[in-house]
Amino acid sequence: MKNIIITGGAGFIGSHVVRLFVNKYPDYHIINVDKLTYAGNLANLKDIENKPNYTFVKADICDFETIMGIFKKYNVDGVIHLAAESHVDRSIKDPFTFAQTNVMGTLSMLQAAKLTWEQLSEKWEGKRFYHISTDEVYGALEMTNPEGIKPPFTTKASSGKHHLAYGSKFFTEDLKYMPHSPYSASKASSDHFVRAFHDTYGMPTIVTNCSNNYGPYQFPEKLIPLFINNIRHRKPLPVYGKGENVRDWLYVEDHARAIDLIFHKGTIAETYNIGGFNEWKNIDIIKVVINTVDRLLGRKEGEDMNLITYVTDRAGHDMRYAIDSSKLQRELGWEPSLQFEEGIEKTVKWYLENQAWMDNITSGEYEKYYESMYANR
Ligand code: NAD
Ligand code: TYD
């Protein structure tokens, strides 16, 4: 029996990781530690909440005493740390909360793991602290190929499935950190703390930096679920700037599979970048989403293009993110399993079939927040 804490398990990516681990490893006890902020939603875990190897603990990762108590009570062997404030636009309005949760919260998890594990006779043996981070810590890449080209990669995923590359450079694990938003600055700081705990105390840590995820259960403040819901209700689609910014999109279950693989097989103290080889300009992805929603709702494909509304750009908006995940492919054999077209079809279908999940979030407080976000644009 292994006891594993997954923090942020009630959020978007965390809920997929919890589901995968609870179902795949009946001999592991999964302890989901989540504060249930606006982004945490236990409805994301309805299908596994009664499994015998799953426990939910409502706790704030910044509350060090409580986290110490959880480590003691459950005899914890491993941590997969996802809890964070995750939305760039919110970080621009409220950077303090991001520093508090992402930096101090991570430090609190690290210190609790250290104080607990270093007292054991076997010390770090069999222990692992795995920190989930973002590609945004690397800053922005240049758009040197504005029309997009097929890069000459040799790996299976990239040669067969790669979408377009909008520049010749990619984020590799050895790049210097150059975060621009308060969100990415707070994640960069937390990554440094994790590595410092390895270098200073010998804690067995791993860090991964992943590109933009999409799929079921994503909070509808992020581009894809927000736009699916707005198209359904024929509300305007706020496109920041010219819609030319590029993101590298990965289906969330592929990220969860990578986390499983790296947690078990990754080398201690290493960093792995995880991405989809799947760069899209925002405006192009938005058109795919509009066409897909229209078709699945029985509307004429493209009839909702007129909802596209260009609004003031996000402050400090990073131009392009593109991950080179060839290290992970080479060393551990991971690659994205879904073509983007399949992933987006599955995703749109899921949101349209789970309207109660969406309506539960978008009614009430969130609606007021969303309206205030766009009131001044
Ligand atoms: P999310 O916002 O959907 O979920 C975050 C979860 O953390 C929520 O359940 C929330 O309740 C919980 N949480 C927040 N503050 C907490 C606190 N103080 N104590 C305990 N729990 C707290 O986020 P997500 O998109 O699932 O991202 C998960 C992780 O993956 C984050 O660390 C994020 O930086 C990273 N990441 C996300 C993406 C992406 O595209 N979404 C890409 C790369 C990396
Ligand atoms: P988002 O989903 O917030 O992820 P991130 O900022 O972490 O990349 O945004 C994805 C892209 O979509 C980003 O370039 C900002 C843009 N965007 C819009 O144009 N309009 C929107 O309403 C949102 C939420 C995002």
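Observations
- Scope segment 72-103; condition more than 9 Å from ligand 1 (Cβ to nearest atom), within 26 Å of T200 (Cα to Cα) and without any contact (Cβ under 8 Å) to a residue 60 or more places away in the chain; matching residues: K72
- For segment 38-56, filtering for residues that are surrounded by fewer than 17 Cβ atoms within 10 Å (Cβ to Cβ) and near ligand 1 (Cβ under 10 Å from one of its atoms) leaves 2.
- A single member of S15, S91, S108 is at negative phi, small (G, A, S) and either modelled with pLDDT under 95 or touching a Leu at 6+ places or on another chain (Cβ under 7 Å) (or both), and it is S15.
- Of the residues making up segment 38-57, none is within 26 Å of Q119 (Cβ to Cβ), part of a loop (DSSP other than H, G, I, E, B), more than 16 Å from ligand 2 (Cβ to nearest atom) and within 21 Å of the chain's Cα centre (by Cα).
- For segment 104-136, the tally of residues that are within 12 Å of ligand 1 (Cβ to nearest atom) and not hydrophobic (A, V, I, L, M, F, W, C) stands at 9.
- The strands (runs of 3 or more DSSP E) found wholly in segment 182-263 and carrying at least 2 residues that are over 12 Å from the mean Cα position of the chain (by Cα) occupy 205-210, 237-240, 246-251.
- Scanning segment 57-66 for residues that are closer than 15 Å to T7 by Cβ and surrounded by fewer than 21 Cβ atoms within 10 Å (Cβ to Cβ) returns V57, K58, A59, D60, C62, D63, F64, T66.
- Restricting attention to segment 223-264 and to residues that are within 15 Å of ligand 1 (Cβ to nearest atom) and touching a His at 6+ places or on another chain (Cβ under 7 Å), the residue that is nearest to M143 (Cα to Cα) turns out to be N245.
- Residues of segment 196-229 satisfying the condition of being at positive phi and surrounded by fewer than 20 Cβ atoms within 10 Å (Cβ to Cβ): G202
The values are calculated or read from the model by the stated rules, or taken from the named source; none is laboratory data. If you're wondering where the values come from, they're calculated on a predicted model, not measured in any experiment. Note that each Cβ is placed from the backbone with ideal geometry, even for glycine, and that neighbours are counted across all protein chains shown.
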